[in-house]
1. Given a Förster distance of 22 angstrom, what is the FRET efficiency for His6 paired with Thr109, based on the Cβ-Cβ distance and rounded to 0.05?
2. Rank Asp44, Asp26, Asp86 by mean-square fluctuation in a GNM of the chain with C-alpha springs under 10 angstrom and give only the top-ranked residue.
3. Can you compute the label reach from Trp47? Point 7 Å from Cα along the Cβ direction, backbone N cut-off under 20 Å, restricted to region 84-118.
4. Which residues make up the longest stretch of the chain clear of chymotrypsin sites (Phe, Trp or Tyr not before Pro) that lie in a DSSP loop with no more than 16 other Cβ atoms within 10 Å, not counting the sites?
5. Over the chain, what is the mean sequence separation of C-alpha contacts under 8 Å (at least six apart), divided by residue count, expressed as relative contact order in percent?
6. Per DSSP H run of at least 4 residues, take -39500 (n - 2.57); add these up for the chain, divide by its residues and hand me the 222 nm value, nearest 500 deg cm²/dmol.
7. Around Tyr138, with a cut-off of 12 angstrom between Cβ atoms, what is the net charge of the other residues, counting Lys and Arg +1 and Asp and Glu -1?
8. If you project the alpha carbons of region 51-174 onto their three principal axes, what span does each projection cover, largest first, in Å?
Amino acid sequence: MKIFVHALFAFYLMLIIKFVVFKDMDMILIGHMRFYFGGTQTGDPNWIPFKTIATYFMGNKGLLIAGLNLAGNLALLFPLGFLLPDAFVYLRRAQIFYVAFFMALSIETVQALFKIGIFDVDDVLLNGLGLIGGYFIYEKMPHMLRKPCIFLFAAILSFAYLFYITHSIPMLRQ
């Protein structure tokens, strides 16, 4: 089980690096609809905590964009928080907070350094809270449900990645 959790952790981390950090995503085709979530973004970094979040709650970006951004940033590292205790049994609760902060900060920093995204301290906060949320759900969950949930996550992740592979076409990069 430990090898499986390590492999799942590494696979999910690689997907985050590919799709989120480096925004290396092809166009997804579903019937006649086309979805493209990749590409780089430009703009000034946000160093003021809750500035972007407040903009979303005021409705300035539209409810759909706000909801997708808030939920997506919270959900992004949630699975890692759930997998960390099994993958790295020596980690203690206080160390989970450091891991959450480091991983969230790393995503934003790499995007900013390679100019493939905009650094936003609110993304760091939301990603970190998502990882911590995954950890606390894991902690509160009965032991007998943990393994089935890990297998369910692996199945969903595998299905989603297989769907992406079979329903995407490469974008022309310039």
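Please treat every number below as a calculation from the coordinates, not as lab data. Since the structure is predicted, the reported quantities are computational estimates derived from the model, not experimental observations. In this analysis, Cβ positions are derived from the backbone assuming ideal geometry, glycine residues included, and neighbour counts consider all displayed protein chains.
1. Once the sixth-power term is evaluated, E becomes 0.30.
2. Result for the chain, Cα springs under 10 Å: Asp44 fluctuates most.
3. 102, 104-118
4. 115-174
5. RCO, the chain: 32 percent.
6. -21000 deg cm²/dmol
7. Counting the neighbours of Tyr138, the net charge comes to +2.
8. Answer, in whole Å and largest first: 46, 37, 30 Å.
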